[in-house]
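Peer 1: Here's a structure for you.
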Amino acid sequence: MTTDTLQAAIDRANASGRQPVVFIHGLWLAPESWTPWAERFEAAGYAALTPGWPAEEGGLDGAETIGPETIGKVRDHFAGIARGLRRKPVLVGHSFGSLIAQILAGQGLARATVAISPAPFRGVLPLPLSALRSAWPVLGNPANAARRVPLTKAQFRYAFGNALDPAESDRLYEAFHAPAPGKPIFQAAAANLNPWTEARVDTRAPDRGPLLLMSGRVDHTVPPPVVRAAWTLQRRNEAAVTELFQLDGRGHSLTVDGGLGEVADIALAFIDRTTAEG
């Protein structure tokens, strides 16, 4: 989306009177990866928005992003979108998009949140070797903190498509892969060493709203122990429901591969149930 298109999407959502749902993509995927989800949610009666990150949008005020995209810049960008909507949005995120969604939910900006394969925040301690290997194309060179880093097809197959036929993984790479800013990965990697980290979620916020965490059981990038650790922290919130759903045989590509319909239907059912009026 361009800035004008993003503002137009916000205006359309406001004019529709429908419950808005903001989809937040993660690293190495383009915003268009949410198109099948947006179509599914629109058909179910929601107003779907699929904005990009700040460098993809230019920010709501049209200003160019200065310096590398950080978790804080991405957080503020999507907070601006949420605040521009007349109804508090539902947030659906994948990977780093799920981290942003949880941060915003902790700020009281979400009616409900679905965090799929969520990147870790401060307090999430497991660091499986497969997660480190998936992030190594960035973490292997400190200079990557200041630039955007692409994946090769082989790296994408390991990080996203390990549960898929190689041909399907390569098809998804061609359709949706995009170079990713390196800085957020360095921030997340150091979150438990930095008391001032931007990778921080207020898990006890009384106005957080319902939260569903989802993951694939064979995900290399965000393995199940990482998601379960996040759920353990989030379920301490006594003001809202916190649920966990793990899918057998699914990897990090679960929002874009041939089985995305199952994941979307689980998310829709949770949102319908927890946001029903009355």
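The values are calculated or read from the model by the stated rules, or taken from the named source; none is laboratory data. No experiment lies behind these values; they were computed from the predicted model shown. Virtual Cβ from ideal backbone geometry, glycine too; neighbours counted across all protein chains shown. Surface accessibility is based on the protein's heavy atoms, side chains included, excluding ligands, DNA and RNA. Shrake-Rupley method; radii C 1.70, N 1.55, O 1.52, S 1.80 Å.
Peer 1: Considering only PRO126, PRO195, PRO184, give the residue with the highest GNM mean-square fluctuation for the chain, with springs between Cα atoms whenever their separation is below 10 Å.
Peer 2: PRO195
Peer 1: With all protein chains present and a 1.4 Å probe, how do ASP248, ASP202, ASP170 order by accessible area, largest first? Could you put the intermediate results ahead of the total?
Peer 2: Details: ASP248 120, ASP202 85, ASP170 35 Å².
Putting ASP248, ASP202, ASP170 in descending order of accessible area: ASP248, ASP202, ASP170.
Peer 1: According to the square roots a ≥ b ≥ c of the eigenvalues of the Cα gyration tensor, what is the shape class of segment 170-274, taking rounded for a/c under 1.5, prolate for a/b larger than b/c otherwise, and oblate for the remainder?
Peer 2: Values: a/c = 1.98, a/b = 1.12, b/c = 1.77.
Verdict is oblate for segment 170-274.
Peer 1: Take GLU42 and TRP136, extend 7 Å from each Cα along the Cα→Cβ direction, and tell me the distance between the two endpoints in nm.
Peer 2: Using points 7 Å along Cα→Cβ, the separation is 4.2 nm.
Peer 1: Just to confirm, what accessible area per residue do you get for segment 181-237 at 1.4 Å probe, in whole Å²?
Peer 2: Working: 2440 Å² over 57 residues.
Here the per-residue accessible area is 43 Å².
Peer 1: Using a 1.4 Å probe over the heavy atoms of the protein chains, calculate the carbon and sulfur portion of the accessible area of the chain as a whole percent.
Peer 2: Values: 6150 of 11430 Å².
Here carbon and sulfur together make up 54 percent of the probe-accessible area.
Peer 1: Also, I was wondering about something else. Just flag the GluC sites (Glu not before Pro) in segment 231-278 sitting in loop per DSSP whose Cβ has no more than 13 other Cβ atoms within 10 Å. Numbers along the way, then the final one.
Peer 2: Numbers: sites: GLU238, GLU243, GLU262, GLU277; in loops: GLU238, GLU277.
Loop-located and lightly packed - GLU238, GLU277.
Peer 1: Next question. Under 16 Å from the 7 Å Cα→Cβ point of ARG228, by amide nitrogen: which residues of segment 111-149?
Peer 2: Inside the label zone: 117-118, 124-131.
Peer 1: While we're here: Quick one: if you stick a label point 7 Å off each Cα along the C-beta vector at ALA143 and ALA239, how many nm between them?
Peer 2: Calculated label separation equals 4.7 nm.
Peer 1: Only bridges whose two residues both fall in the chain count here: according to DSSP, what percent of them are antiparallel, nearest 5? Could you put the intermediate results ahead of the total?
Peer 2: Working: 3 of 25 bridges.
Percentage antiparallel, nearest 5: 10.
Peer 1: If you place +1 on the Cβ of every Lys and Arg and -1 on the Cβ of every Asp and Glu, how big does the dipole about the Cα centre of segment 133-274 come out, in debye to the nearest 20? Mind showing how you got there, number by number?
Peer 2: Values: 16 positive and 15 negative charges, 123 e Å.
Charge dipole of segment 133-274: 600 debye, to the nearest 20.
Peer 1: Lys/Arg Cβ at +1, Asp/Glu Cβ at -1, dipole of the chain taken about the Cα centre: which of PRO195, ALA105, THR255 is farthest positive-ward?
Peer 2: PRO195
Peer 1: Please identify every one of the trypsin sites (Lys or Arg not before Pro) in segment 165-237 that sits in a loop by DSSP and has no more than 11 other beta carbons within 10 Å of its own beta carbon. Don't skip to the answer; put the middle values down first.
Peer 2: On the way: sites: ARG171, ARG200, ARG204, ARG208, ARG217, ARG228, ARG235, ARG236; in loops: ARG200, ARG204, ARG208, ARG217, ARG235, ARG236.
Qualifying residues, ordered by number: ARG236.
Peer 1: Helix-only estimate, please: 222 nm mean residue ellipticity of the chain, summing -39500 (n - 2.57) across DSSP H runs of length 4 or more and dividing by its residues, to the nearest 500.
Peer 2: Details: 11 runs with 115 residues, N = 278.
Taking each H run of at least 4 residues, the total per residue is -12500 deg cm²/dmol.
Peer 1: Computed from these coordinates, which is semi-axes √(5λ) of the Cα gyration tensor in Å: (1) 34, 19, 17; (2) 30, 22, 18; (3) 25, 21, 20?
Peer 2: Looking at semi-axes √(5λ) of the Cα gyration tensor in Å for this model, the match is (3).
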